[in-house]
Amino acid sequence: MRVSYRRLLFVGLTVAVVSFSLILSQPTPALEDVIPVKAHPLPMPLAEWQDQTQSGDYFDQIEAPKVGHLIWSEFPIQVYIEKPAPNQALSWYRDVLSAVEEWNNYLPLHLVEDSNLANIQIFRRRPPLEPGNLRASSAETRYQVFVHQLEDGTQMLSHRFIIWLSPTQTGKYITSAARHEFGHALGIWGHSPTQTDVMYFAQVREPPPISPRDINTLKRIYSQPTRLGWRVASKNI
């Protein structure tokens, strides 16, 4: 598979896109010919969400890759959080877990002990440097799109996320970074221009909680069509 990288840079945090070209057969059919683009039903928590403040959203800042919006359609979403060794700071795990649990109010999540079973993996490590780019970041999120074979032999377009959080961040800033990066992993592939939103493009002195604008944006994203989570049309392969 050919791999291409693209970065969205912002103060204190980095988001890196990893996109994979899919090779289903020879000759390779066009993506639009083998995988439908359709909307999934809204997850119940988002369907029930009503913004009493009428705060609006920043949906116009969200990017939809070629496969469509990066949304999940099977729940609960399986999440792995790396546990530090006994001689390391256990507070890091608690801080990250706290940030993840905040999003559980809006999309069903489930913690798993095996990273191989996770849809979203979170590691206590410095984000890896890329060749030609020596700028270190304190947090980074990447995704991978792939074709997953189901038990009945059919194939489905799937994705997974990996998040790296630097061990050097502590306290409210590690919680803030985890909250922000996890928002990307849930499908908010872009940034807010407003400082009171979790998905603001820069780290702020007093990190905000998840805002109504964040959830309004998430709800709009999950209302959009995507190719993720739909089966590949085998007759065209």
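Readers should treat all values here as calculations from the given coordinates under stated rules, not as data from a laboratory. All of these numbers come straight from a predicted model, not from anything done at the bench. Ideal geometry is used to build each Cβ from the backbone, glycine not excepted, and the neighbour counts take in all protein chains shown.
Remarks
- Gained length - Asp152 relative to Val204, 0.36 nm times residue gap less alpha-carbon distance: 13.9 nm
- Measuring nothing but how far apart in sequence close Cα pairs (under 8 Å, 6+ apart) lie, relative to its length, segment 104-237 scores a relative contact order of 22 percent.
- Working ranking of peptides 113-123, 45-55 by packing, defined as the average number of other Cβ atoms within 10 Å per residue, highest first, is 113-123, 45-55.
- Nearest-0.05 FRET efficiency for Lys66 and His110, computed from C-beta distance (R0 30 Å): 0.55
- Shape class of segment 146-234 from the alpha-carbon gyration tensor: oblate, with a/c at 1.5 or above and b/c at least as large as a/b.
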